[in-house]
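A.B. asks: Got a structure here, written out as structure tokens. Questions coming.
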Amino acid sequence: MGLKTLIAYGSKHGRTEMWAHKLAECIEGQVDVVDLKKSRDLDIDEYDRVILGSAVYAGRIRKEVLRFVDKYLDKLLYKKVGLFICCMSYDNTVDSLEVTFPQVLIEGAVVKSTFAGEFNLKRLNLFEKLIVKLVEANNELKPIKTDIEGFVAAINKA
Ligand SMILES: Cc1cc2nc3c(=O)[nH]c(=O)nc-3n(C[C@H](O)[C@H](O)[C@H](O)COP(=O)(O)O)c2cc1C
């Protein structure tokens, strides 16, 4: 019998969602991909592995992800967990964010990674565009190298 994997993500403008589906294509066994904005009541007992992904806004992971993690933390601690964030600053990591996954979950995770975000200017509102301008003015934005293969290898090995 193959392993079952849940990929649960929080995304606002779609980049994190895209990475979640990319991962799903590469992971062995049955994989379910779930948008935490839409479904929060999940039977996570049926999964051997859980991958949690979140977009980063103002140094924080998404509320729906925090809510999910809070609700299922006891169970998550007994599973193989992979964590990723999707953002623009190359120096952001799961560990370094202002508001992030609980420390116990981070410590127990089999893999943690930072995937490249994007600024989709067409989809941003005026306020968001203003923030993006400020971020770009203050940061030298080095592109993030998204290591899907490394992430998947770690998950498959665990
Ligand atoms: C208003 C706003 C605030 C953001 N804040 C951060 C931030 O604090 N750190 C960062 O690395 N990226 C930041 N970003 C970049 C997002 O993480 C990036 O656009 C990512 O693709 C968002 O994921 P999503 O497309 O799944 O919503 C911000 C983007 C916007 C529009």
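A.B. asks: For LYS37, go through the lysines and keep the ones whose alpha-carbon is under 18 Å away, minus same-chain ones fewer than eight residues off.
C.D. replies: LYS12, LYS63, LYS71
A.B. asks: Rounded if a/c is under 1.5, else prolate if a/b beats b/c, else oblate: with a ≥ b ≥ c from the C-alpha gyration tensor eigenvalues square-rooted, which is region 89-158?
C.D. replies: Here region 89-158 falls in the prolate category.
A.B. asks: From the Cα trace of the chain, what convex hull volume per residue do you get, rounded to a whole Å³?
C.D. replies: Considering the Cα atoms of the chain, their hull volume per residue is 108 Å³.
A.B. asks: Could you check the simple spin-label distance between TYR78 and LYS63, using points 7 Å along Cα→Cβ, in nm with one decimal?
C.D. replies: Reported label-point gap for TYR78 and LYS63 is 3.1 nm.
A.B. asks: PRE reach from ASP95 (point 7 Å along Cα→Cβ): which of region 53-73 fall under 13 Å by backbone N?
C.D. replies: Output list for this probe position: empty.
A.B. asks: Going by amide H atoms built from the backbone, whose H comes under 5 Å of the H on PHE84, apart from near neighbours?
C.D. replies: LEU52, GLY53, SER54, SER113
A.B. asks: Oh, and also: Roughly how many debye, to the nearest 20, is the charge dipole of the chain about its Cα centre, given +1 on each Lys and Arg Cβ, -1 on each Asp and Glu Cβ, and no other charges?
C.D. replies: Charge dipole, the chain, about its Cα centre: 440 debye, nearest 20.
A.B. asks: Could I ask something else about it? So, counting K/R as plus one and D/E as minus one, what does the shell of residues with Cβ under 12 Å around GLY117 add up to?
C.D. replies: The answer is 0.
A.B. asks: Based on DSSP, what percent of beta bridges with both residues in the chain are antiparallel, to the nearest 5?
C.D. replies: Here the share of antiparallel DSSP bridges comes out near 5 percent.
A.B. asks: Net charge near GLU128, counting Lys/Arg +1 and Asp/Glu -1 over other residues with Cβ under 14 Å of its Cβ?
C.D. replies: So the surrounding residues net to +4.
A.B. asks: Per DSSP helix of 4 or more residues, -39500 (n - 2.57); summed, then divided by the residues of the chain. What does that give at 222 nm, rounded to the nearest 500?
C.D. replies: Helix-only estimate at 222 nm: -10500 deg cm²/dmol.
A.B. asks: Order by neighbour count: GLU17, GLU98, fewest other Cβ atoms within 10 Å first, most last.
C.D. replies: Ordered from fewest to most neighbouring Cβ atoms within 10 Å, GLU17, GLU98 come out as GLU98, GLU17.
A.B. asks: Then there is this: Given +1 on the Cβ of Lys and Arg, -1 on the Cβ of Asp and Glu, and no further charges, what dipole in debye does region 1-83 carry about its Cα centre, rounded to the nearest 20?
C.D. replies: 480 debye
A.B. asks: Report, ordered by chain and residue number, the aspartates and glutamates lying within cross-link reach of LYS79, taken as a straight Cα distance under 14 Å and ignoring same-chain residues fewer than 8 apart.
C.D. replies: Straight-line reach from LYS79, under 14 Å: ASP43, ASP45, GLU46, ASP48, GLU107.
A.B. asks: Which one of VAL132, ILE106, GLY10 has its Cα pushed farthest toward the positive end of the charge dipole of region 4-157, where Lys and Arg give +1 and Asp and Glu give -1 at the Cβ?
C.D. replies: In region 4-157, that residue is VAL132.
Laboratory data are not the source of any read-out in this text; all were calculated from the coordinates shown. Being a predicted model, the structure only gives us computed values, none of them experimental. Quick reminder, even Gly has a Cβ in these numbers, built from the backbone with ideal geometry, and neighbours come from all protein chains shown.
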